[in-house]
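The values are calculated or read from the model by the stated rules, or taken from the named source; none is laboratory data. This one's a predicted model, so the numbers in the text were calculated from it and none came from an experiment. Quick reminder, even Gly has a Cβ in these numbers, built from the backbone with ideal geometry, and neighbours come from all protein chains shown. These accessible areas exclude ligands, DNA and RNA; they are computed on the full protein's heavy atoms, side chains included. Shrake-Rupley method; radii C 1.70, N 1.55, O 1.52, S 1.80 Å.
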Amino acid sequence: MKEFEPIIVAFCCHYCAYTAADMAGSMRLAYPPNVKIIKVPCSGKVSAIHVMRALEKGADGVMVAGCLEGDCHFKDGNVKAAKRVSQVRRLLDEIGMGPERVEMVTLSAGMGERFARVTGEFTEKIRALGPNPVKETLAGRARAAAASS
Amino acid sequence: MITAERKPLEEILTLIEPCDRILLVGCNECVTVCAAGGRKEVALLSSALQMARMKEGRTLDVTELTLERQCDPEYVEELVTSIDRGDAVLSMACGCGVQEVARRFKEKPVFPAVNTKFMGASERQGVWAERCQGCGDCLLGLTGGICPIARCSKRLLNGPCGGSSSGKCEINPDVDCAWQLIWDRLKALGLESRYEDIAPPKDWRTSRDGGPRRIIREDLAS
């Protein structure tokens with residue numbers, strides 16, 4: 001059986017994580033191709049619903065990456081993002097999906113090595129957890145829609 | 001405002017168990033301000049419910065709608081065009097909104113998604129506290145703008161009681177003694193003498209004790 005390749009959505013702040021991902025590339029550090037980066041102007045721009053919708057549409061894990069505490073370009077967007085991530089984790093726990101599929105990380109623009117490491121670790125954690133349990137139903141629905149068209 | 005909190009998801013899922021399609025209706029008023037049932041919360045609940053269903057191998061078709069006010073028939077009427085898109089309505093409004101939808105659409109099951117809590121004010125972002133019990137005979141003019149009915153645990157009219165200690169109530173050290181607050185406020189206003197006035201027993205017929213209440217404004221009533 002083909003090994004499960006998780007889809008990871010990473011909301012990356014323009015001022016830190018996005019640049020750190022770039023830095024990882026410049027440093028020739030590999031990070032998993034599973035990670036799909038969405039650039040945001042600040043991690044505080046990420047609402048709980050963005051994370052939920054990513055999972056609902058089939059992402060296996062979602063990471064929100066913001067600046068180190070005290071370093072937010074917009075004062076405290078990263079603190080707000082961390083609270084929203086906690087809110088989503090509680091919500092996922094309530095529906096029996098467990099909180100582990102969503103994580104908040106903080107780093108600075110110069111931490112290319114850290115970006116490669118945390119995305120690698122997160123990808124492996126999600127791989128161990130297995131596919132997002134909603135995926136099978138999503139695929140079934142897509143097959144039914146294709147058959148009826 | 002009227003404050004509310006979302007019900008546990010397990011309870012909501014049990015309520016809508018037989019439904020394959022639901023109309024999830026939020027309200028733009030109080031429950032939006034207290035972040036319990038506005039457009040954002042509707043979207044979050046919709047997503048959570050759909051994922052909970054898909055996890056079990058079933059699907060749930062959710063139509064999201066947020067009305068300007070669910071406690072006014074004029075706005076509830078807007079649901080006419082979408083009411084058939086759900087086997088039931090799941091309302092994120094306060095109890096008034098839920099009942100107004102149920103009254104208008106008699107054939108449609110209507111379930112509450114929030115627990116309505118109290119009439120309160122925002123102390124700071126994310127924190128709401130009870131401030132009014134709607135007793136129907138406001139005393140705030142006599143008590144320095146602090147309500148002994150809503151904020152004193154015993155609703156004392158002539159407080160404080162012996163349970164007041166260092167400005168806190170005996171029920172919980174985090175709860176201010178309302179009568180300490182009243183005294184401090186009267187003092188700040190130079191109205192200490194008012195504290196000496198003994199309040200007579202309150203006529204509770206204006207409150208819930210007189211049964212369900214109505215207001216009829218002859219100049220406005222149609």
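One residue stands out among those in segment A:41-53 that are closer than 26 Å to A:THR137 by Cβ and either open to solvent by less than 20 Å² (accessible area, probe 1.4 Å) or hydrophobic (A, V, I, L, M, F, W, C) (or both): the one that is nearest to the chain's Cα centre (by Cα), which is A:VAL51. For B:ALA102, the conditions (1) assigned to a helix (DSSP H, G or I); (2) touching a residue at least 60 places away in the same chain (Cβ under 8 Å) are fulfilled apart from (2).
One residue alone among B:GLY136, B:GLY190 is open to solvent by less than 90 Å² (accessible area, probe 1.4 Å) and under 24 Å from the mean Cα position of the chain (by Cα), and that residue is B:GLY136. When each of A:ARG141, A:ARG89, A:ARG117 is tested for being open to solvent by 50 Å² or more (accessible area, probe 1.4 Å), modelled with pLDDT under 95 and either part of a helix (DSSP H, G or I) or within 14 Å of chain B (Cβ to nearest Cβ) (or both), the lone residue that passes is A:ARG141. Of all the criteria given as (1) of a type in the set (Gly, Ala, Ser); (2) within 11 Å of chain A (Cβ to nearest Cβ); (3) part of a loop (DSSP other than H, G, I, E, B); (4) open to solvent by less than 10 Å² (accessible area, probe 1.4 Å), the one not satisfied by B:GLY37 is (2). Considering only residues that are assigned to a helix (DSSP H, G or I) and either within 14 Å of chain B (Cβ to nearest Cβ) or not hydrophobic (A, V, I, L, M, F, W, C) (or both), look in segment A:54-81 and name the one that is surrounded by the fewest Cβ atoms within 10 Å (Cβ to Cβ). Top of the filtered list is A:VAL79.
For segment B:45-92, filtered to residues that are hydroxyl-bearing (Ser, Thr, Tyr) and in a helix (DSSP H, G or I), the residue that is surrounded by the most Cβ atoms within 10 Å (Cβ to Cβ) is B:SER47.
Residues in segment B:47-89 that are under 21 Å from A:HIS50 (Cβ atoms) and at the interface with chain A (Cβ under 9 Å from one of its Cβ atoms): B:SER47, B:ALA48, B:LEU49, B:GLN50, B:MET51, B:ALA52, B:ARG53, B:MET54, B:LYS55. Evaluate segment A:26-37: report whether one residue or more is within 13 Å of chain B (Cβ to nearest Cβ), surrounded by fewer than 16 Cβ atoms within 10 Å (Cβ to Cβ) and of a type in the set (D, E, K, R). No; the residues of segment A:26-37 include none that is within 13 Å of chain B (Cβ to nearest Cβ), surrounded by fewer than 16 Cβ atoms within 10 Å (Cβ to Cβ) and of a type in the set (D, E, K, R).
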